[in-house]
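Asks: Structure provided below as structure tokens; questions to follow.
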């Protein structure tokens, strides 16, 4: 559970870093956001699967 939380926080940090690195490029932000959303969804599904 803690490991999942840490991974999510790391993912958020990477997302923020990615946005800064892209110098505000809207396309890059959208791509990063979609990747992060998919990653979060998969992580959440896995977490629910292990709990139940």
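The values are calculated or read from the model by the stated rules, or taken from the named source; none is laboratory data. Bear in mind the structure is a predicted one, so any value in this text is a computation, not a measurement. Here Cβ is always computed from backbone atoms with ideal geometry, including for glycine, and neighbour counts include all displayed protein chains.
Asks: Can you say whether residue 12 is out of contact with any strand residue (DSSP E or B) (no Cβ under 9 Å at 6 or more places or on another chain) and modelled with pLDDT of 70 or more, as far as the supplied structure shows? Quick ask: steps written out before the conclusion?
Replies: Details: out of contact with any strand residue (DSSP E or B) (no Cβ under 9 Å at 6 or more places or on another chain): yes; modelled with pLDDT of 70 or more: yes.
Against the criterion (out of contact with any strand residue (DSSP E or B) (no Cβ under 9 Å at 6 or more places or on another chain) and modelled with pLDDT of 70 or more), residue 12 qualifies.
Asks: Then there's this: Could you tell me which numbered condition residue 24 fails, if it satisfies all but one of (1) outside any helix (DSSP H, G or I); (2) modelled with pLDDT of 70 or more?
Replies: (2)
Asks: Exactly one of (1) surrounded by fewer than 10 Cβ atoms within 10 Å (Cβ to Cβ); (2) touching a helix residue (DSSP H, G or I) at 6+ places or on another chain (Cβ under 9 Å); (3) at pLDDT 70 or above is unmet by residue 1. Its number?
Replies: So the condition that residue 1 fails would be (3).
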